[in-house]
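Taking it in order: structure first as structure tokens, then the write-up.
The values are calculated or read from the model by the stated rules, or taken from the named source; none is laboratory data. Predicted model, so just to flag it, every value in this text is computed and none were measured. Because the Cβ atoms are built from the backbone with ideal geometry, glycine has one as well, and the counts that use them run over all protein chains shown.
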Amino acid sequence: MRGIAFGILSAAAGAVLRVSVAAYFSGGADNSNAKTTVDKFAFPSDTRSTLGTGLANTSQSGAGMANSGVAGYAMPNGTTNKFAFPSDTRSTIGAITNSGWMAGFANTGVAGYFAGGNGSTVTRIAFPSDTITTTTALSGGRYYVAGFSDRAVAGYVAGGDTTLGDVRVDTVDKFAFPAETRTTLGTGLSTARGLGFGAANYGTAGYAGAGFSTVGKVTTINKFAFPSDTRSTLGTGLPTAKAYVSATEDTGVAGYIGNGDNENTVNKLAYPSDTISTLGTGFSVSRWGYQAFADQGSF
């Protein structure tokens, strides 16, 4: 593990440290069976282990988010699995109405959110009580969406397909913290697409990439600068066009992108250079449609 200094006044006064721990990728499916497997990639070595206890239910869709330093949440098909940090002990919390291909994002220390999937519902899980409510809905019913957040500022839900007509969209909805008021960015994704990933570098930028566009799979990664939400497109996208991808992040260091299409590779998006590499060790099993979250330590 490593420490990253945040808000240090002086050594004598005592440093405020965030010690990031690991990225987790849970569930998913190969071409025949859904999985309960949870793989863990330790920071900063990126070495992989597999948890002895996986998901409570098999999964090939859903979303993940985390209350960093406390617990990660993986929500496939209505059942929310909670993995306590650092023990990785699993429990389940009450079922929620979202199901299918939704987006997850969180405001660490306050609440986590699962958005869309089978409509416009945004479910809110309050930290640390795990009280489940709903909050402001998406601007329209969508599934195949991607999520990311700027801690303590806003959460974002990008792209997807409409639940009426299966039309792919470039829409990016923004939920301001803590009010959870929703607006829609004037500039959305560079192309309408779904089944892509979302990740963020808190305080700097959010990323939405890959997935199915109207002409097939893409490598494109869009970057939304915080706080202006100005969109650019990275000069280098993923090495190959992918869909069914999920991602999480180690703020200030990198985003971790788990490739779909029944592969076992993990790409690493280095911050702030936005360079792409591939981890030497991928998933323990080839799969697609997993849920990703990370323990980035206590903020």
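Tabulated data
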read-out	value
Segment 22-49: number of residues that are modelled with pLDDT of 80 or more, farther than 19 Å from S91 by Cβ and not aromatic (F, W, Y)	15
Residue, surrounded by the most Cβ atoms within 10 Å (Cβ to Cβ), within segment 284-299, restricted to residues that are modelled with pLDDT under 95 and under 21 Å from T219 (Cβ atoms)	Y290
Residue tally, condition small (G, A, S) and surrounded by 24 or more Cβ atoms within 10 Å (Cβ to Cβ), over segment 21-39	5
Evaluation of G159 against (1) in contact with a Gly (Cβ under 7 Å, 6 or more places away or on another chain); (2) more than 24 Å from G258 (Cβ to Cβ) (one fails), failing number	(2)
Counted residues, segment 175-192 - those being farther than 12 Å from A146 by Cβ and either buried (at least 21 other Cβ atoms within 10 Å of the Cβ) or in contact with a His (Cβ under 6 Å, 6 or more places away or on another chain) (or both)	1
Strands (runs of 3 or more DSSP E) within segment 52-157 that include 2 or more residues surrounded by fewer than 16 Cβ atoms within 10 Å (Cβ to Cβ)	89-93, 132-135
Of all residues making up segment 194-252, the number that are among the polar types (S, T, N, Q), crowded, with 21+ Cβ neighbours inside 10 Å and assigned to a strand (DSSP E or B)	5
Unique residue being without any contact (Cβ under 8 Å) to a residue 60 or more places away in the chain, more than 23 Å from N77 (Cα to Cα) and under 16 Å from the mean Cα position of the chain (by Cα) when the list is A111, A154, A176	A154
Members of segment 253-279 found to be of a type in the set (F, W, Y) and assigned to a loop (DSSP other than H, G, I, E, B), listed by number	Y271
First in segment 129-150 and within 29 Å of Y256 (Cβ to Cβ), second anywhere and hydrophobic (A, V, I, L, M, F, W, C) and not in a strand (DSSP E or B), Cβ under 6 Å, 6 or more apart	I132/I96; Y143/W101; Y144/W101; Y144/L195; D150/F226
